[in-house]
Amino acid sequence: MPNFFISYNKADLPWAEWIAWQLEAAGYTSIIQAWDFRPGSNFVLDMQNAATEAERTIAVLSPDYLAALYTQPEWAAAFAQDPTGEKGTLLPVRVRACELEGLLSPIIYIDLVGRDAAAAKQALLAGAKRERPKPATEPGFPAAPPAKPEPRFPGSLPRIWNVPHRRNPNFTGREDDLRELRAALTDGHAAAIVPIAGLGGAGKTQLALEYAYRHAADYDAVWWLRAEDSTTLVADCAQLATPLDLPERGLADQQATATAVLAWLGRHPGWLLIFDNARSAATCRAWLPAAGMGHVILTSRDPNWREVARPLRLPVLPRAEAVAFLQKRSGVEEPAAGGELCDALGGLPLALELAAAYIEANGISIADYLERYRSAPRELLNDAVAATWEISIEQLRTETDAAPGALDLLNLIAFLAPDDIDSRLVAGRFPDALQLDRARAGLLRYSLIDARGGAISVHRLVQAATRARLAREGLEQEWAEAAVKLVNEAFRFKLDKVETWSASARLLPHALAAAGHSESLGVALETAGRLLNQVGIYLDNRAQPAEAERSLKRALAIGERVYGPDHPTVATEANNIGQILRAQGDLAGALEYTRRARAIGEKVYGPDHPNVAMWANNMGTILKDQGDLAGALEYTRRARATDEKVYGTDHPNVARDANNIGQILQAQGDLAGALEYTRRALAIDEKVYGTDHPMVAIWVSNIGAILHDQGDLAGALEYTRRALAIDEKVYGPDHPNVARDANNIGQILQAQGDLAGALEYTRRALAIDEKVYGPDHPGVATLANNIGMILKAQGDLAGALEYTRRALAIDETVYGPDHPNVAIRASNIGTILRAQGDLAGALEYTRRALRIFQATYGPENPQTRIVAGNLAVIEKALKAKQASA
């Protein structure tokens, strides 16, 4: 019986095919007209058979689907079989915005509208499951609110508030825009998401800022997110976990923390999120909370937002409002001259702000300023911001109390990210705090920067104008170099120094900006490469592997450009990329980069250098993952010999090598040897780090796995629970190391016969890794396979097949069709099909597994022999069945 019949309108064929493909890749079966109704068949009979034979019907909802006549009987038949929805026979999936009416209106649907491919796939597969969606970890205690909460003092801000700018006292006009924004957020009919789109300098951020202050009393939380870069966006979202007091606050994995924040927002009302300077809908769609519980404002220069929500188009200021603002901001009443100046500046609010600040600071008339504006260089007059900026800069050059410090400060921050520039970061460029204060005051006087609480912000157009001026003067490279060196000196992230993590998070956008300018201008490349390498390591630690890989590859390209292909720095960067690729399951790529690192190291240092040992050890680990145990043992023993020679026998590097040798021996079946080496590693690191260090947890966990293989289940459980306790204490409940420990406990409990306990721990592990790595990671495949085996042991063969097929699909995609992991999944599917009585299917999958094992390990390998034995049993049973028939 097929799992799903896909009912759709022809206008939604691409969606129907995508849905069917995702379901079948996850192990479900489906019937879809485009694939299963062949020429010459009777369409009506085919449709009838599909609707009655399938367990469930998916209705692909769109305006066309709801308007079509022939689709109504398809979903109505499913509805009639299960009118209460208890069995989930009808599963609506909304792919385009539409309003459900009549019998469909109360049915909960899977909503794919506005989601990217990864989020849509996750929502589809989660909705397709009928199991109870119990969370993998214990929910936080919901502290009850006071019976009579104290009213907020009128005019006070919400407790949760991080808006980085002060309210603009000179905000003028835009009343119609503010009313339209409020109406769009509160009309109750559409998603409470409003993009504000307009030109740079048109006042998008100022409109969002004014709305936040004007309606602060309507919200319990207002949170500002820098949306220009995905890494900064995730970091800002994750920081909201702290004032919300979520259990996930402070985790190393910022993606998991940010996901927890979005989940909280999806369950609670009364909040406002402001995504400032979003590049496009695609860059922030995945981080938009569920609609209906709160409000979202986005500011963007990109006008294309209709796939998310109808944008509010923000034009330049109308002439009357522009004149009113200019006069209010400057304190000068000159309507006629003001009108001329507003016309000249095109009503652009940023240019008007700069002009008004100049007029106020110098005590001149609007007419005087207009004359100076008209005398600006001709090439600037088409750029209102550049022209007004130029006038202010020329004036600053003459002010001895501010110059040259003010210009130096502006030149420096032009090559950083525009927001949240810590004054302490730039303080080193000034002789003392007084000089910095004077420089900052000079820029504030002309509205070239904003400063609040020790942090400086600068408009992106002012930065661009500053860089353009420096380029004309031949000084752009000098200041780009100064900026990247400044950030590089401050960015001191250390993996084992938790106290460096928060400072690195704040510096991250400035590191990316400064390194980017350095790359494009070709200056201070050594510094930029080092900085990007550190950023990559930081991002990897914060569970952002794709961003980490991009940063590390940029560092490698710089290293090759600066040092040539055979330099130690290039080797280090290649090795780091190898480690990232291994974590993502790209073992061939990982081996390629790590081999390159080792080859460079041997050429530069000789064969007995610690760096060469480290890279040899990393190669051994990758070869082990690929199933080449003999090669893995050779490289890892070579690393150990070098490290003992250099460091002695009780160094953490020697412990690492000993553990890795133990892992390879365990894979080869030498459990006594494996236990000896791993216990040696544990003894060394307990002596060096103490008993509650994360490295100790790794060795403890590995000892538990070896004891498990030896049959000492009580000892295995004791060690593995110790590892879990250490990792939960260090990392929190949702870290990949915690998932590893939970999975290992599940395996031990399964061996002890506690299948319910095993399923609980393994599902917890799966939930963590799906959150950290996404649904298609090889680690997720391992956990899905383990759940499948537990379900098989419980007698749930359908569930077992679903999970194990999912594992197979992931590993085929990651490793290709002939990897040992693929063989393991295929062998397990064979055992499940055999238990279901599908001997032909069992034969097909088991033969495939045997072929891979024989090619990889040879015919005498224990795993090969086991699968060969299973195949013989299946062939014998199939012959007996055929004979009896």
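Residues in the range 160-173 that are modelled with pLDDT under 90 and of a type outside the set (Gly, Ala, Ser): PRO164, HIS165, ARG166, ARG167, ASN168, PRO169, ASN170, PHE171, THR172.
On the stretch given as the range 19-54, residues that are surrounded by 16 or more Cβ atoms within 10 Å (Cβ to Cβ), in contact (Cβ under 8 Å) with a residue 12 or more places away in the chain and among the charged types (D, E, K, R) total 1.
The set of residues in the range 599-636 that are touching a residue at least 24 places away in the same chain (Cβ under 8 Å), buried (at least 17 other Cβ atoms within 10 Å of the Cβ) and among the charged types (D, E, K, R) comprises LYS624, ASP625. Within the range 358-370, the set of residues being within 19 Å of PHE171 (Cα to Cα) and surrounded by fewer than 21 Cβ atoms within 10 Å (Cβ to Cβ) comprises GLU360, ALA361. Figure legend. Inter-residue proximity from the range 336-361: first residues farther than 10 Å from LEU317 by Cα and of a type in the set (D, E, K, R), second residues at pLDDT 90 or above and in a helix (DSSP H, G or I), beta-carbon distance below 6 Å, spacing 6+ or different chains. Indicated pairs: GLU340/LEU370; GLU360/SER330.
Taken across the range 226-245, residues that are under 23 Å from SER156 (Cα atoms), out of contact with any strand residue (DSSP E or B) (no Cβ under 9 Å at 6 or more places or on another chain), of a type in the set (S, T, N, Q) and surrounded by fewer than 21 Cβ atoms within 10 Å (Cβ to Cβ) do occur, with at least one present.
When restricted to residues that are under 15 Å from LEU665 (Cα atoms) and outside any helix (DSSP H, G or I), the range 608-644 contains 2. When LEU246 is tested against the conditions (1) in a helix (DSSP H, G or I); (2) more than 30 Å from VAL323 (Cβ to Cβ); (3) of a type outside the set (Gly, Ala, Ser); (4) touching a residue at least 24 places away in the same chain (Cβ under 8 Å), the lone failure is (1).
List every residue pair whose Cβ atoms lie under 8 Å apart, where the two residues are 6 or more positions apart in sequence or sit on different chains, the first residue falls within the range 737-766 and is under 20 Å from GLY715 (Cβ atoms), and the second residue, located anywhere, is in a loop (DSSP other than H, G, I, E, B). Between residues of the range 737-766 that are under 20 Å from GLY715 (Cβ atoms) and residues that are in a loop (DSSP other than H, G, I, E, B), there is no close pair.
Selection over the range 48-70 of residues that are within 16 Å of ALA97 (Cβ to Cβ) and either touching a strand residue (DSSP E or B) at 6+ places or on another chain (Cβ under 7 Å) or not acidic (Asp, Glu) (or both) gives a count of 8. One residue stands out in the range 167-213 among those that are of a type in the set (Val, Ile, Thr) and more than 25 Å from CYS98 (Cβ to Cβ): the one that is farthest from the chain's Cα centre (by Cα), namely THR172. Of all residues in the range 707-724, those that are closer than 17 Å to VAL696 by Cβ have Cβ atoms under 8 Å from Cβ atoms of residues that are surrounded by fewer than 19 Cβ atoms within 10 Å (Cβ to Cβ), 6 or more apart or on another chain, in LEU707/LEU713; LEU707/GLY715.
For the range 260-286, the set of residues classified as surrounded by fewer than 21 Cβ atoms within 10 Å (Cβ to Cβ) and either small (Gly, Ala, Ser) or not in a loop (DSSP other than H, G, I, E, B) (or both) consists of LEU262, ALA263, TRP264, GLY266, ARG267, GLY270, SER280, ALA282, THR283, ARG285, ALA286, listed by residue number. Evaluated against (1) more than 30 Å from the chain's Cα centre (by Cα); (2) of a type outside the set (D, E, K, R); (3) crowded, with 23+ Cβ neighbours inside 10 Å, ILE810 falls short on exactly one condition, (1). Of the candidates ALA548, ALA515, ALA555, ALA571, the single residue that is buried (at least 23 other Cβ atoms within 10 Å of the Cβ), in contact with a Gly (Cβ under 9 Å, 6 or more places away or on another chain) and either of a type in the set (Asp, Glu) or in contact (Cβ under 8 Å) with a residue 40 or more places away in the chain (or both) is ALA571. Hey, can you tell me all the residues within the range 666-707 that are of a type in the set (Val, Ile, Thr), surrounded by fewer than 24 Cβ atoms within 10 Å (Cβ to Cβ) and part of a helix (DSSP H, G or I)? Those that are of a type in the set (Val, Ile, Thr), surrounded by fewer than 24 Cβ atoms within 10 Å (Cβ to Cβ) and part of a helix (DSSP H, G or I): ILE684, VAL688, VAL696, ILE698. All but one of (1) aliphatic (A, V, I, L, M); (2) more than 30 Å from ASP220 (Cα to Cα); (3) touching a Phe, Trp or Tyr at 6+ places or on another chain (Cβ under 7 Å) hold for LEU298; which doesn't? Against the list (1) aliphatic (A, V, I, L, M); (2) more than 30 Å from ASP220 (Cα to Cα); (3) touching a Phe, Trp or Tyr at 6+ places or on another chain (Cβ under 7 Å), LEU298 comes up short only on (2).
The values are calculated or read from the model by the stated rules, or taken from the named source; none is laboratory data. What you see is a predicted model; the values in this text were computed from it and never measured. Neighbour counts are summed over all protein chains in view; Cβ atoms, including those assigned to glycine, are modelled from backbone coordinates with ideal geometry.
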